[in-house]
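Peer 1: The structure under discussion is supplied below as structure tokens; questions concerning it will follow.
The values are calculated or read from the model by the stated rules, or taken from the named source; none is laboratory data. Since the structure is predicted, the reported quantities are computational estimates derived from the model, not experimental observations. A quick note on method: Cβ atoms are made from the backbone with ideal geometry, for glycine too, and the neighbour counts reach across all protein chains shown. Keep in mind that these areas ignore ligands, DNA and RNA; they rest on the heavy atoms of the full protein, side chains included. Shrake-Rupley method; radii C 1.70, N 1.55, O 1.52, S 1.80 Å.
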Amino acid sequence: MIRSDVLKTLIPLISDQLLVTNIGLPSQEMHLLDDQPSNFYMLGTMGLASSIGLGLALAQEKKVIALDGDGSVLMNFGTLPTIANNVASNFILLIIDNGSYGSTGDQPTYSGMKTSLSDVARACGCDHVVECQAEDAFDTVKSALDGDQMTIIVCKCESGNIKVPVIDMDPVVIKDRFMKVVQS
Amino acid sequence: MSVNDVIMDALVENKVDFVTTVPCKQLAGVIEKIDEAPDIYHIPANREDEGMGLCAGAYLGGKRPAIIMQNTAIGVTINSLATLIQFYRMPLPMLISYRGEVGEPVACQVEMAVHTKALLNQLSIPTYHFHKPDDADELTDILSYCYMSKKPVAVLMDATFWKGA
Ligand SMILES: [Mg+2]
């Protein structure tokens with residue numbers, strides 16, 4: 001299974017949730033597969049999906065899923081100690097770890113080599129870290145959503161991409177409709 | 001009144017309730033007060049771009065965020081300012097310790113000081129320079145202006161200003 005397969009299986013679970021989607025293909029695939037006002041598409045700023053997600057979770061009570069990638073977490077490793085030490089029980093960091101920079105041509109990342117993102121998250125102090133295979137993504141995300149505990153999920157999947165168009169929505173429109181869902 | 005107290009009062013008056021910080025010696029006093037303030041969630045960040053992500057998320061969640069950092073952080077955060085804060089039109093007051101100005105003991109700090117205003121100008125970020133302790137009296141209005149305009153706004157506070165701390 002590649003990332004888009006994982007996202008397809010998750011849509012029934014996450015369609016109505018507040019999602020902060022990482023720059024590039026995660027945003028573009030969610031936009032293609034299940035565009036929702038509850039999706040905050042990042043159009044730039046690689047690395048910050050988990051930070052935006054945590055800030056949003058700390059600011060209000062609805063559940064928040066940051067849909068992140070291995071390359072982006074590697075770029076912003078400082079996020080993990082901040083998450084560990086500022087626990088938001090309504091926050092799920094879902095890292096789709098395909099061991100590659102998918103949006104830029106599948107160059108390998110270190111998470112596909114010697115570096116384990118789940119071990120790093122645990123070492124940073126995150127209390128509830130779950131590593132799963134792509135086939136178990138649905139059950140893992142479901143139990144995280146059903147629970148009341150901040151969860152870091154590292155979902156391992158194969159590298160590979162489907163063809164998706166770029167998002168031509170105006171960023172202010174993305175923000176505006178998202179904030180209305182948050183306030184609803 | 002100490003400038004730290006003037007800054008705190010301006011934050012409280014503007015109902016700022018989410019502040020991320022990366023420390024600087026000059027900022028130690030105000031960071032301590034923010035940490036103790038009951039109505040402000042203080043979240044230290046490891047890097048200032050991470051802090052801007054936290055502030056963006058908090059804003060989406062209905063908070064009135066601010067970031068407190070050193071001017072060296074302008075070098076770290078240009079992409080976040082352009083592609084997140086400005087692109088999505090979000091307010092972000094940046095209370096900045098302006099190192100490398102007159103009174104600076106560390107030569108390396110001057111190297112970013114000479115670029116600070118040029119970079120902010122290049123980004124079309126409204127910029128205010130606090131030099132005398134009384135300049136802090138304008139902070140309340142600057143914060144209101146920032147949230148009204150939904151833009152990042154920079155307040156540079158130099159070594160002479162911090163003599164009022
Ligand atoms: Mg990847």
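Peer 1: Kindly give Rg over Rh for segment A:77-184, based on alpha-carbon atoms, with the Kirkwood expression for the hydrodynamic radius. Present the calculation step by step, with values, prior to reporting the outcome.
Peer 2: Details: Rg = 16.0 Å, Rh = 15.8 Å.
Ratio of gyration radius to Kirkwood radius: 1.01.
Peer 1: Moving to a separate point now. At a 1.4 Å probe radius, which order do B:97, A:103, A:184 fall into by accessible area, largest first?
Peer 2: Values: B:97 0, A:103 70, A:184 100 Å².
Sorted descending by solvent-accessible area, the residues read A:184, A:103, B:97.
Peer 1: Non-local amide H neighbours of residue B:17 (under 5 Å, H modeled in plane, Pro and chain starts lacking H): which ones?
Peer 2: B:64
Peer 1: Would you tell me the accessible area of residue A:173, worked out with a 1.4 angstrom probe on the heavy atoms of the protein chains, in Å² to the nearest 10?
Peer 2: Estimated to the nearest 10 Å², residue A:173 gives 80 Å².
Peer 1: Another one. Using only DSSP helix segments of four residues or longer, with each worth -39500 (n - 2.57), what per-residue ellipticity at 222 nm results for chain B after dividing by its residue count and rounding to 500?
Peer 2: On the way: 7 runs with 72 residues, N = 165.
Helix contribution divided over all residues of chain B: -13000 deg cm²/dmol.
Peer 1: Shifting gears a bit: What are the extents of the Cα atoms of the protein assembly as shown along their three principal axes, in Å, largest first?
Peer 2: Computed over the Cα atoms, the extents are 62, 42, 38 Å.
Peer 1: Karplus couplings for segment B:126-138 from phi (6.51 cos²θ - 1.76 cosθ + 1.60, θ = phi - 60°), rounded to Hz, Gly and Pro as x?
Peer 2: Once θ is set to phi - 60°, the couplings for segment B:126-138 become x, 10, 10, 10, 8, 10, 9, x, 5, 4, 4, 4, 7 Hz.
Peer 1: Okay, next question. Cα-based Rg of segment A:1-63 per 2.2 N^0.38 Å, rounded to two decimals? Spell out each step's value before the answer.
Peer 2: On the way: Rg = 11.6 Å, N = 63, 2.2 N^0.38 = 10.6 Å.
Working it through for segment A:1-63, the quotient is 1.09.
Peer 1: Oh, and also: Show the residues, 5+ positions off or on another chain, whose built amide H is closer than 5 Å to the amide H of residue B:158.
Peer 2: Those qualifying (amide H under 5 Å, at least 5 residues apart or on another chain) are B:98, B:130.
Peer 1: While we're here: Using +1 at the Cβ of each Lys and Arg and -1 at the Cβ of each Asp and Glu in segment A:3-183, identify which of A:162, A:118, A:24 lies farthest towards the dipole's positive end.
Peer 2: A:24
Peer 1: OK, next. Averaged over its residues, how many other protein chain Cβ atoms are within 10 Å of peptide B:55-68's Cβ atoms? It would help to have the intermediate numbers written out before the result.
Peer 2: Details: counts 4, 10, 18, 8, 6, 15, 14, 6, 5, 1, 2, 0, 0, 0.
Whole-number average of other-chain Cβ neighbours for B:55-68 is 6.
Peer 1: What value does segment A:3-183 have for Rg/Rh, both radii from Cα atoms and Rh as Kirkwood defines it? Write down the numbers at each step before the final one.
Peer 2: Values: Rg = 14.7 Å, Rh = 15.9 Å.
Ratio of gyration radius to Kirkwood radius: 0.92.
Peer 1: Could you tell me the relative contact order of segment A:6-152? Use alpha-carbon pairs under 8 Å, at least six residues apart, and round to a whole percent.
Peer 2: Working: 252 pairs, mean separation 34.2, N = 147.
Worked out over segment A:6-152, it gives 23 percent.
Peer 1: Let me ask something else about it. Quick one: what are the phi-derived ³J(HN,Hα) couplings along segment A:133-142, Karplus 6.51/-1.76/1.60 with θ = phi - 60°, whole Hz, x for glycine and proline?
Peer 2: Using θ = phi - 60°, the values come out as 8, 3, 5, 9, 4, 4, 5, 5, 5, 4 Hz.
Peer 1: Quick one: in segment B:3-159, what % of C-alpha pairs are over 21 Å apart?
Peer 2: Working: 4652 of 12246 pairs.
Summing the P(r) tail past 21 Å for segment B:3-159 gives 38 percent.
Peer 1: With the cut-off at 19 Å, tell me which of the pairs B:25/B:151; A:114/A:163; A:175/B:150; A:8/A:62; B:15/B:132 have Cα atoms farther apart than that.
Peer 2: On the way: B:25/B:151 27 Å; A:114/A:163 30 Å; A:175/B:150 12 Å; A:8/A:62 23 Å; B:15/B:132 25 Å.
Beyond 19 Å: B:25/B:151; A:114/A:163; A:8/A:62; B:15/B:132.
Peer 1: Give the accessible area for residue B:36 in Å² (nearest 10); use a 1.4 Å probe, count only protein heavy atoms, and leave out ligands, DNA and RNA.
Peer 2: Using a 1.4 Å probe on the heavy atoms, I get roughly 130 Å².
Peer 1: Continuing with the same structure: Over all directions, how big on average is the projection of the convex hull of the alpha-carbon atoms in segment B:106-165, in square nanometres?
Peer 2: Values: hull surface 18.4 nm².
Taking a quarter of the hull surface, the average projection is 4.6 nm².
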